[in-house]
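Q: The structure that follows is given in the form of structure tokens.
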Amino acid sequence: MLILAFPDYLSQAQRLADRLNAPLAEVILHHFPDRESFIRLPPSLTEHVIVCRSLNQPNDKLIELLLCARTARELGARRLTLVAPYLCYMRQDFANQPGVAVSQRIIGKLLAGLFDDVLTVDPHLHRISSLNQAIPIKNAISLTAADEIGLFLKQKLDYALLLGPDSESEQWVATIANKIGFDYCIAHKERRGDKQIEMTLPDNSLSNKPIVIIDDMASTGRTLGKATRLLQAAGAFDIYAVVTHALFCDDAEAHILQAGIKAIWSTDSIDHATSCIELDGLLADGIKAII
Ligand code: R5P
């Protein structure tokens, strides 16, 4: 078995390789001036190759994954496993208007055609219950970082009320809260545009206790920013956030910090200054379960 890591996921892949006691090789990647991608793999590969890369900034990365997977097959890989802790294009899961591309299904089929196994962490599954409805292969594995996040929170705080910013987040918030014995509540959110959020907080008492907002990802940061402002208005002052996937596009992090949050923590699914919850143990166990 060989771990093949893209440069943007190298340190996490190295920790995964150490846990699996497997060799690691880096994918050589170059972007030409017109943004075409050049990929080079080690000329000889093992039968089982595990390709590691999170799929934030997805449009370039999906093309590079296609080049990598097809080249790996040409070089003799017979079993190809994708470890993509952040999985892109999972949010558009139905055609909300005639003509809309259901990108979850389309990208899912693309990945199913390239890989024998796909492992990811806390994918944004809303209207479907299992990952292989989106990626139609047997080993489409959805892991959860709930244990890692719960353990981290327990070490940081004696007690906190966990807040899910919308109904979709309840799946993660409830699991984490139940694991560590913290209470949780769920806000109501409506997204009116990429950066326009309407939110109503639940009726719970929110003052005089630390509050941790939990979500699967922060993209524009508007969800966390709005929740923080509303919580402050409701009398909360120790407000924190944990997200599994730190996408943090453009001014997202600054926007959340300006809202007055005390700290933002994330897993290392994507390299970011907030990444402090490591996922290599979870991913290694996930791989061991399928080989
Ligand atoms: C949405 O349903 C997700 O769970 C997140 O709440 C959302 O993607 C966060 O996006 P943003 O940071 O742009 O508000």
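Q: Any residue in the stretch 218-235 that is surrounded by fewer than 18 Cβ atoms within 10 Å (Cβ to Cβ) and β-branched (V, I, T)?
A: No, the stretch 218-235 contains no residue that is surrounded by fewer than 18 Cβ atoms within 10 Å (Cβ to Cβ) and β-branched (V, I, T).
Q: What is the residue count in the stretch 9-52 for residues that are among the charged types (D, E, K, R), over 16 Å from K288 (Cβ atoms) and surrounded by fewer than 16 Cβ atoms within 10 Å (Cβ to Cβ)?
A: 5
Q: Given (1) touching a residue at least 60 places away in the same chain (Cβ under 8 Å); (2) in contact with a Ser or Thr (Cβ under 6 Å, 6 or more places away or on another chain); (3) farther than 30 Å from R78 by Cα, identify the lone condition not met by G235.
A: (1)
Q: Looking at the stretch 227-249 only, could you name the residues that are more than 10 Å from the ligand (Cβ to nearest atom), assigned to a loop (DSSP other than H, G, I, E, B) and not aromatic (F, W, Y)?
A: Correct list: A234, G235, A236, D238.
Q: Can you report the number of residues in the stretch 53-104 which are of a type in the set (V, I, T) and touching an Asp or Glu at 6+ places or on another chain (Cβ under 8 Å)?
A: 2
Q: While we're here: Would you please list the contacts, defined by Cβ atoms under 7 Å and residues six or more apart or on different chains, that run from a residue in the stretch 133-152 that is modelled with pLDDT under 95 and polar (S, T, N, Q) to a residue that is surrounded by 19 or more Cβ atoms within 10 Å (Cβ to Cβ) and not in a loop (DSSP other than H, G, I, E, B)?
A: Going by the 7 Å Cβ cut-off, there are no qualifying pairs.
Q: Looking only at the stretch 175-203, filter to residues that are under 25 Å from K154 (Cα atoms) and within 14 Å of the ligand (Cβ to nearest atom); which one of those is surrounded by the most Cβ atoms within 10 Å (Cβ to Cβ)?
A: Only one residue fits best here, namely A187.
Q: Please enumerate the residues belonging to the stretch 158-211 that are in a loop (DSSP other than H, G, I, E, B), in contact (Cβ under 8 Å) with a residue 40 or more places away in the chain and either over 19 Å from R222 (Cα atoms) or of a type in the set (D, E, K, R) (or both).
A: Y159, A160, D166, N204, L206, K209, P210
Every residue, every condition in (1) surrounded by fewer than 20 Cβ atoms within 10 Å (Cβ to Cβ); (2) in contact (Cβ under 8 Å) with a residue 60 or more places away in the chain, yes or no:
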site	(1), (2)
T71	yes, no
L82	no, no
R91	yes, no
V102	yes, no
R105	yes, no
L110	yes, no
F115	no, yes
I128	yes, no
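Q: Continuing with this model, one more query. Tell me, please, whether a residue that is away from the ligand (no atom under 11 Å from the Cβ) and either over 26 Å from I180 (Cβ atoms) or assigned to a loop (DSSP other than H, G, I, E, B) (or both) can be found in the stretch 218-226.
A: Looking through the stretch 218-226, none of the residues is away from the ligand (no atom under 11 Å from the Cβ) and either over 26 Å from I180 (Cβ atoms) or assigned to a loop (DSSP other than H, G, I, E, B) (or both).
Q: Ok, one more. For the stretch 204-213, how many residues meet the condition of being modelled with pLDDT of 95 or more and either on the phi > 0 side of the Ramachandran plot or within 10 Å of the ligand (Cβ to nearest atom) (or both)?
A: Residues that pass the stated criteria total 1.
Q: Turning to a different aspect of this structure: Scan the stretch 120-157 residue by residue and report those that are part of a loop (DSSP other than H, G, I, E, B) and β-branched (V, I, T).
A: I128, I135, I137, T144
Q: Another one. From the list D158, D147, D183, exactly one residue is closer than 22 Å to P85 by Cα and not aliphatic (A, V, I, L, M). Which is it?
A: D147
The values are calculated or read from the model by the stated rules, or taken from the named source; none is laboratory data. Every value quoted in this text rests on a predicted model; they were computed, and no experiment measured them. Because the Cβ atoms are built from the backbone with ideal geometry, glycine has one as well, and the counts that use them run over all protein chains shown.
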